[in-house]
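Novice: First, the structure itself, so that you have it in front of you.
Each reported figure results from applying straightforward, stated rules to the coordinates on display, with no laboratory input. What you see is a predicted model, and the numbers here were worked out from it, not measured in a lab. As a convention, Cβ positions derive from the backbone with ideal geometry for all residues, glycine included, and neighbour counts pool all protein chains shown.
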Amino acid sequence: MFYIGFKTGPRTDEEGWRHAIGGLELGSDSDSFAADLSLWSLKDYEAQWRQGIARLAAGAESSALITSYAGPAAPFHFMWPMWRTGNQVVFHEHLVPGEAIQNSDVAEQFYAAVGERRSRNDDGEPISEWIVPFSDILAFLASS
């Protein structure tokens, strides 16, 4: 099973941060995320998710689902890189340094930041991975 979407609408916390809570289902695992809404709307995120998946469907070897983009001055952003390997897609959760995303073509910069899939970090420790059938991801794209 695969799903990405919002669990809440826009909200503002006591410190003035505007965001929405989203959820991601990768097979039998799930995760929540807080999407920054200072520059992107819910619809912007949803459009990028469809675009990111469509890239894989069009033959790209990698792509990304952006789960929090806070603008060019932010110290960091969040994404879930995706690598297609045959009939499966491998996901990692990834923190992106703010300086990596600096111009107006935000999604393309995130895609470039995906890089090659690594199964171990610089210390040799395994990186957490989630593997989902590509057909589940295509089914989500068709229903969104």
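Novice: In debye, nearest 20, what is the charge dipole magnitude of the range 2-143 about its Cα centre with +1 on Lys and Arg Cβ and -1 on Asp and Glu Cβ, if you could check?
Specialist: Roughly 460 debye, rounded to the nearest 20.
Novice: Can you give me the orientation-averaged projected area of the convex hull built on the Cα atoms of the chain, in nm²?
Specialist: 9.0
Novice: With each run of n ≥ 4 DSSP H residues scored as -39500 (n - 2.57), what mean residue ellipticity at 222 nm is computed for the chain after dividing by its residue count and rounding to the nearest 500 deg cm²/dmol?
Specialist: Computed mean residue ellipticity for the chain: -7500 deg cm²/dmol.
Novice: Can you list the GluC sites (Glu not before Pro) in the range 32-129 that are in a DSSP coil and have 11 or fewer other beta carbons within 10 angstrom?
Specialist: Those satisfying the criteria are GLU116.
Novice: Among ALA35, ALA107, ALA74, determine the one that fluctuates most according to a GNM of the chain built with springs between C-alpha atoms less than 10 Å apart.
Specialist: Judging by the Gaussian network model, the answer is ALA74.
Novice: Something else now. Net charge near SER144, counting Lys/Arg +1 and Asp/Glu -1 over other residues with Cβ under 10 Å of its Cβ?
Specialist: Summing Lys/Arg as +1 and Asp/Glu as -1 gives 0.
Novice: Within a Cβ distance under 14 Å of LYS7, other residues only, what is the Lys/Arg minus Asp/Glu net charge?
Specialist: Surrounding charge for LYS7 is -2.
Novice: Considering the dipole of the chain built from charges on the beta carbon (Lys and Arg +1, Asp and Glu -1) around the Cα centre, which of TRP17, TRP130, TYR3 is farthest to its positive end?
Specialist: The residue sitting most towards the positive pole is TYR3.
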